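Here's the structure we're looking at; comments come further down.
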Amino acid sequence: MSLTVRRILDLPSMRGAKLVAGAAAADRTVSSVSVLEYSIPNETQHQLFSAINFEGNELVITAFANICNDTEAQKAVIRRLAEAGEIGILLYYVGTFVPFIAKDVAACADSLNFALIEMPHSNSLRYSDAISEISEAIFREEEGETNFVAEILEDVSLLPTELRSVSTVLKMLRDRLRASLILSDQDKNIINIATFPHGRENELKERFESGSMDPGWDVCTSYISGRGIKNLRLTTVRENGSALLSHQIAMTVETLHLFLVIWSPNHGEAVIAELVRAILQDESLKMRRLAALFSIDVKSLDTMIVIRSGNDAERMLESVKDKLSPFISRPVVDLYQDCIVLFLASGMGEDIIESVSLVLADMDCMMIRAFCLRDTGDVRKAFLEIQPSLELACRIYRRKVLNLVDVQLVNYFLSVLTKGEDEIAKVLSPVKVLEETEDAGPLLETLEAFILDADLSTLRTSRMMNVHNNTVKYRIRRISSLLHADITKAPQSVMLYRALMMRRILKEQASG
């Protein structure tokens, strides 16, 4: 849980303080607190004020001492701070300096979602009490934090458009980590830098470029890459001797990566790619944040189609998108671990899902469908079941469209292989009689096609085997006679399915 404006109001040093305007900012995260006293406005003061480098996500302490009776100047300060991404103001000594908070000043703060907090009317209050307590609370919160990626991205999304920059994100990360960050290209040319303590840019830049970092500093280099992003280097520097934790560095890299993806010129395609990745990795916070960008209801995505992509995966992905365009305007589809993964919603209708399957199957590719996935945990479990045996399933089945249960059966038979010859013999026993006949070859070949590939259709079997339909019918009757059972009905058909599938897997493994 992050330290928000709402939670800061519960601190002892804030007892009696009131949020009088900007209630929409109550749940924004506070990264720091600073002091600003604005003198009587003139051109020199205006230039000085404009030159201040506000960092964003700060609470500013002030008494408006020198503009206590100038509501226009007070509103100008609020607008300037809001434009810089600051969260709000702690206004001290109301009744001593500012007689009261004017309605138009409060309205200005409300219109900008800028927190205006009126401190208790007491001349004994000290700025230092709030500064030390808020700073300590921020430090404790950040030390125990396990994931700040979604929070920082949310904070960036609330900033004015002109402040949504790599520079701003680096400063937010700098304040979060209490470390310097240097973003550079592969040749170590600096793109952006944010230093802690502040104001060390020139010195750190010289040390970085000359390779003369202090040996007592903790320096770590990571790399950021992805679709539409050239390889970037991120160097983190802590000068106090304490090293950043590995998960802090990983979150920092992920935050920058996602910022570049979401707010890049071609962010649409990249965001969908990251959304697919977040769903498959069961990263719920990131998934919800990315889905919100395109108003995608992730909970409705309960059908997954996994396509074996082949050699030219990028080209096939573009072909899949083209095939999907008549059905879905923005499909949730991308490459993941050498597969093309597509998510659909059952609410689209079974006819559309079936049409999509048929259209994609016409591309001469094998696909596996998983239905009724309740959440991202189910999605990840299904994908992990598909991935190890995908290639084998594609060789065993002669159908282009498989369901998850087909792959689960392959996984089951592979597990039987690990149990030894006795277990394998039990599974194969229903076809042992056929193996001992003179015409075992054509009979078993026909039975395999009939049960495994043709859905018990003699006509489809004849077409697959390129023989007359009457020939298939004769062989099926002979097989039923040899087995003394109707092979089209359970349990005989189930036992034969298991035996024939095991035979096919054994042949594939022997030939592979």
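Since every read-out is calculated from the coordinates, none of them should be taken as a lab result. Everything numeric in this text was worked out from a predicted model, so none of it was measured. A quick note on method: Cβ atoms are made from the backbone with ideal geometry, for glycine too, and the neighbour counts reach across all protein chains shown.
Figures for the structure shown
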| read-out | value |
| --- | --- |
| Packing-based exposure ordering (other Cβ within 10 Å, fewest first) of Val494, Val416 | Val494, Val416 |
| C-alpha long axis of helix 71-83 to longest principal axis of the chain, angle in ° | 30 |
| Principal-axis tilt of helix 267-280 within the chain, Cα atoms, nearest 10 degrees | 60 |
| Spin-label pair Asn466/Ile352, simplified geometry with 7 Å Cα→Cβ offset, distance in nm | 4.1 |
| Estimated distance in nm for a label pair at Ser300 and Ser325, the labels positioned 7 Å out from Cα along Cα-to-Cβ | 2.3 |
| Unit charges at the beta carbon, dipole of the stretch 149-264: most positive-side option, Ser225, His257, Ser157 | Ser225 |
| FRET efficiency for Lys432 and Ser457, using Cβ-Cβ distance with R0 set to 30 Å, rounded to 0.05 | 0.70 |
| Of Thr418, Val359, Ala449, farthest towards positive along the dipole that unit charges on Lys, Arg, Asp, Glu beta carbons give the chain | Ala449 |
| Computed FRET value (nearest 0.05) for Asp104 with Arg178, which takes r as the C-beta separation and R₀ as 35 Å | 0.35 |
| For the stretch 294-410, size of Cβ-based charge dipole, Lys and Arg +1, Asp and Glu -1, in debye | 180 |
| P(r), alpha carbons of the stretch 408-473 - 5 Å bins starting at zero, rounded % | 3, 16, 20, 18, 19, 13, 8, 3, 0 |
| Sequence of His121, His484 once ranked by neighbouring C-beta atoms within 10 Å, starting from the fewest | His484, His121 |
| DSSP-defined antiparallel bridges as percent of all bridges, the chain, nearest 5 | 70 |
| Rounded to whole Å, sorted largest first: equivalent-ellipsoid semi-axes of the chain, Cα gyration tensor | 67, 24, 20 |
| Relative contact order computed over the chain (Cα-Cα under 8 Å; 6+ residues apart), in percent | 8 |
| Cα long-axis angle, helix 313-324 against the chain (0 to 90 degrees, to the nearest 10) | 90 |
| Sorted largest first, extent of the stretch 419-511 alpha carbons per principal axis (Å) | 40, 31, 26 |
| Cα-based shape type of the stretch 331-374, given that a ≥ b ≥ c are square roots of the gyration tensor eigenvalues and the cut on a/c is 1.5 | oblate |
| Range in the chain, longest, excluding exposed GluC sites (Glu not before Pro) [loop by DSSP; at most 10 other beta-carbon atoms within 10 Å] | 1-435 |
| Rounded, prolate or oblate (a/c below 1.5 giving rounded, otherwise prolate when a/b exceeds b/c) for the stretch 149-264 by Cα gyration tensor | prolate |
| Förster radius 60 Å - calculated FRET efficiency between Ser481 and Ala243 (Cβ-Cβ, nearest 0.05) | 0.20 |
| Exposed-site-free run, longest, the chain (rule: trypsin sites (Lys or Arg not before Pro); DSSP loop; at most 11 other C-beta within 10 Å) | 127-373 |
